[in-house]
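K.L.:
Take a look at this one; I'll ask things after.
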Amino acid sequence: MDDIQAIFFEECAEGLAAAEQGLSAMQAGDVSSGTIAAVFRAVHSIKGGAGAFGHVALTAFAHKFENLLDEVRAGRIDPTPGTVGVMLSALDVLSDHVGASQGTAPLPDDSASLAAIQAILDGEAAPAVAAAPAPAPVEAPVATAPEEEDPFGFEPVAVALDFDFDAPEETPDEPEEPAEAVWRVEFGPSRDAMAAGAEPVLVIRELEDNGGRVVAVDCDALPGLRDVDPEQSYLRWTIELPGWTAESRINDAFDFVAPDSHIAISRVEPSAVEAPATDARAERLDDARALIEQVTAAATVAAPALAAVPAAPPPAAADSGSQTIRVDLVKLDMLLNLVGELVIRNSILSDRLSAKDQERVELPELARLTREIQDNVMSLRAQPIKQAFSRVPRMLRDLMAETGKQVNLQTHGEMTEVDKGVIEKIGDPLTHLIRNAVDHGLESTEERLRAGKSAQGTIVLSAEQKGARIIVTVSDDGKGIDRARVRAKAVEKGIVAADAVLTDEEIDQLICAPGFSTAATISNISGRGVGMDVVRSNVEALGGRVEIASVPGKGTSFTLVLPLTLAILDGMVVRLAGQRFVLPLATVIEAIRPEPGQVSATTPGSEVIEIRGDYLPVRRLTQVFGLHANEDRPVHESLVIIVESESAGRVGLLVDTIDDRREVVIKSLEQNLHPIRGLGGATILGDGSIALILDVEALVAPAGQTRNLLRGLAA
């Protein structure tokens, strides 16, 4: 059951993320029925699974939270900002309950949140702060096994029951309501469901929450107590619900019921509805009470948990559902590594076999199949970066409440797909960047108005794919970086010498130094000097880099340049002074052999090439990397490869020759060496030699920035 419960907690994480996204949308004004229903379904699924696995505290809180969501969904409670605020706070408590059930956090104090929820359910205005605790929620009646020693040697298990057997019975003198159509549901769990520890009471409770009532219990198959098999299903319930109940809500109750269980849902028109006799109903309920007490005692030998089995889809939609399976990322990584090795072996065969031999052994077909396998494996790991962006709106809400600043968030490119490993590791950098933008970047409302800006600051969060890189940008329209203050603070902390000559870019990068902070006091948001250091270290660990651009009085932009994939890329193998390098093919536009005089110097150390009336800057890679061989070689005997970059547009890279076009497996330099600006990794070529992979964005950086390349190589 531990494996099944692990799946449940994974689903909890997904449900919490979906609920947070929906509540954030509601806070922003989207109170459509679809958004509310999505939040309800997320909390409902968490509650159902928690009850099945016996997490009592989590189930109780989720049930109360679900009641509020159900009232909002039905339109009986308006989703006002105050109500949404209470639900957001309740989501925090629900998340804490999940952590407590998982054993990673202490059990939270949910009394204040429960009081706020109950106040709204009672018709009171949503409290801004839940100050006074409300009465404890009414717990469901609990029937426990007898306290005397069990002859079978098993510990008793408490089973929560929602049947109200002691409710006053109807009398013939009471006026009857006019007959109306009803839903009649027949439910009998299968043997597989009971063997997995299913609790039919949870399903019946859900139907009762929707207005249903048990009208019959078929117990003909129930044997004597000593012959009861706890992994067998003996009972079959008949439940009636009002005709106005949506059929989808009835189907939702069977989310965690095994597909082979008996589930029959039919609509009975008024003429066919017969009210059961009061005496017969009372007799059936008495029988049901006795039977469930027997089953409760017998259940002490059964597993007290329910396997989270996917629900059987309604008959009409049986063919429309998608089939999914959960796979451990470690297994995907292993498969991806094997594909990488296959690519290397394919490259070796391509080098060692002649063109005729390659055709004979169908090497091109092998390469095609390898590429298809690679693409499919990569698609399994690819996830929308929206998963990382979804936590930002909620974080901003808390930051605005703490700082008193008004912030407008704009997001772009949320559906850009990134490797799963990148998404998992980009969360902390994004958190620190957003907190930094709110605390340090954006001015207070009064300062913005004095500067002629709008009272509300703007933070733009965007993602886009550029060749083999993902560009994630966090920018604000605040006051920009105070470089004089940053430099003075760096000198004070001994990070740089007092007489050091630094460019604006180098000063901006100082804010990423360990322990650096310009905050005057330590607060919950900043001041300890660990935020931006975490950003740079995490991004560089992924093989990426952090770029900072700031204009005083206008704002600051942080750009995270990340690898699209951590495994394989299409590359162009080029030679520089006799050494081979790999240039990512996604950045290449064209390659030309320049005519004499086509490349000319503009200033010492700067050259341009004229192409169809345009002048493009040229970088000599041999000079960038300090490779001094062939320095006297004429330019027209070399090749200029035109590449497209995000920072500098189109730039020409001067190389000696082009050897080949290959798929290469990326091997990280950071694990065995250290990050080197200008290099994105290394690879193994077909002959077993190592080639360095070029980082185009770093190579085409402005001239003042290329000095870092030599420093990195020298280190």
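The values are calculated or read from the model by the stated rules, or taken from the named source; none is laboratory data. Note that the structure is a prediction, hence the values are computed from the model and not measured. In this analysis, Cβ positions are derived from the backbone assuming ideal geometry, glycine residues included, and neighbour counts consider all displayed protein chains. Accessible surface is based on the protein model in full, side chains and every heavy atom, while ligands, DNA and RNA are left aside. Shrake-Rupley method; radii C 1.70, N 1.55, O 1.52, S 1.80 Å.
K.L.:
Quick one: 3J(HN,Hα) in Hz for the range 89-98, Karplus 6.51/-1.76/1.60 with θ = phi - 60°, rounded, Gly and Pro as x.
P.N.:
5, 5, 5, 4, 5, 4, 4, 5, 5, 4
K.L.:
Sticking with this one: Just to be sure I understand the model, the point goes 7 Å from the Cα along the line to the Cβ. What's the resulting residue 74 to residue 505 distance in nm?
P.N.:
6.3 nm
K.L.:
Ordered by residue, what ³J(HN,Hα) values in Hz, to whole numbers, does the range 507-514 give under the Karplus form 6.51 cos²θ - 1.76 cosθ + 1.60, where θ = phi - 60° and Gly and Pro are x?
P.N.:
Couplings: 5, 4, 5, 4, 5, 8, 5, x Hz.
K.L.:
What dipole magnitude, in Debye to the nearest 20, does the range 336-461 give about its Cα centre under +1 on Lys/Arg Cβ and -1 on Asp/Glu Cβ? Before the final figure, lay out each step's value.
P.N.:
On the way: 18 positive and 19 negative charges, 54 e Å.
For the range 336-461, the charge dipole is close to 260 debye.
K.L.:
Okay, moving on. Near residue 258, within a Cβ-to-Cβ distance under 11 Å, what is the net charge of the other residues, with Lys and Arg +1 and Asp and Glu -1?
P.N.:
Working: positive: 191; negative: 192, 260.
Surrounding charge for residue 258 is -1.
K.L.:
Working from the pairwise distances between different alpha carbons, so that the mean of 1/r is found and then inverted, what is the range 575-654's Kirkwood radius in Å? Walk me through the numbers before you get to the answer.
P.N.:
On the way: mean 1/r = 0.0759 Å⁻¹.
Kirkwood radius, the range 575-654: 13.2 Å.
K.L.:
Read phi for every residue in the range 690-697 and hand back ³J(HN,Hα) as whole Hz from Karplus 6.51 cos²θ - 1.76 cosθ + 1.60, θ = phi - 60°, with x for Gly and Pro.
P.N.:
9, 10, 7, 9, 7, 9, 4, 4
K.L.:
Nearest 0.05, what FRET efficiency do residue 415 and residue 269 give at R0 = 51 Å with Cβ-Cβ as r? Walk me through the numbers on the way to the answer.
P.N.:
Working: r = 47 Å, r/R0 = 0.92.
With a Förster radius of 51 Å, E is 0.60.
K.L.:
Got a sec? Charge dipole of the range 567-610, +1 on Cβ for Lys and Arg, -1 for Asp and Glu; which of 602, 591, 574 is way out at the positive end?
P.N.:
Looking along the dipole axis, the top candidate is 574.
K.L.:
Can you pull the accessible area of residue 479 for me, 1.4 Å probe, Å² to the nearest 10?
P.N.:
Accessible surface of residue 479 is approximately 100 Å².
K.L.:
Under a 5 Å amide H to amide H cut-off, with H placed in plane at 1.01 Å, what residues pair with residue 418 once short-range neighbours are removed?
P.N.:
383, 385
K.L.:
With a 1.4 Å probe and all protein chains left in place, how much of the accessible area of the range 358-405 comes from carbon and sulfur atoms, in whole percent?
P.N.:
Numbers: 1360 of 2610 Å².
Whole-percent figure for carbon plus sulfur exposure: 52.
K.L.:
Also: Heavy-atom accessible area per residue, the range 403-511, 1.4 Å probe: how many Å²? The partial results should precede the final answer.
P.N.:
On the way: 4990 Å² over 109 residues.
Normalised by residue count, the accessible surface of the range 403-511 is 46 Å².
K.L.:
Stretch residue 379-residue 395 to full length: gain in nm at 0.36 nm per residue minus the Cα-Cα span?
P.N.:
Details: separation 16, 0.36 × 16 = 5.76 nm, distance 2.98 nm.
Stretched fully, the residue 379-residue 395 segment lengthens by 2.8 nm.
K.L.:
Here's something else I'd like to know. With every protein chain in place, what's the accessible area of residue 191 (1.4 Å probe, Å², nearest 10)?
P.N.:
We get 110 Å² for residue 191.
K.L.:
Could you sort 606, 550 by their accessible area in this structure, using a 1.4 Å probe and putting the largest first? Can you show the working numbers first?
P.N.:
Working: 606 40, 550 15 Å².
Sorted by accessible area, descending: 606, 550.
K.L.:
If you project the alpha carbons of the range 395-443 onto their three principal axes, what span does each projection cover, largest first, in Å?
P.N.:
36, 19, 17
K.L.:
Quick one, can you get me the convex hull of the C-alpha atoms of the range 334-403 expressed as volume per residue in Å³? Before the final figure, lay out each step's value.
P.N.:
Working: hull volume 7.9 nm³, N = 70.
Output value, Cα hull per residue: 113 Å³.
K.L.:
While we're looking at this one, here's another question. List the residues whose amide H sits under 5 Å from the amide H of residue 458, counting only those 5 or more places along or on another chain, with H placed 1.01 Å from N in the peptide plane.
P.N.:
Counting only residues 5 or more places away or on other chains, the set is 408, 477.
K.L.:
Could I ask something else about it? Considering only protein heavy atoms, with the full assembly of protein chains and a 1.4 angstrom probe, order 63, 636 by accessible area, largest first. The partial results should precede the final answer.
P.N.:
Numbers: 63 50, 636 80 Å².
So, going from the largest accessible area down, we get 636, 63.
K.L.:
If you place +1 on the Cβ of every Lys and Arg and -1 on the Cβ of every Asp and Glu, how big does the dipole about the Cα centre of the range 1-102 come out, in debye to the nearest 20?
P.N.:
Working: 5 positive and 13 negative charges, 73 e Å.
For the range 1-102, the charge dipole is close to 360 debye.
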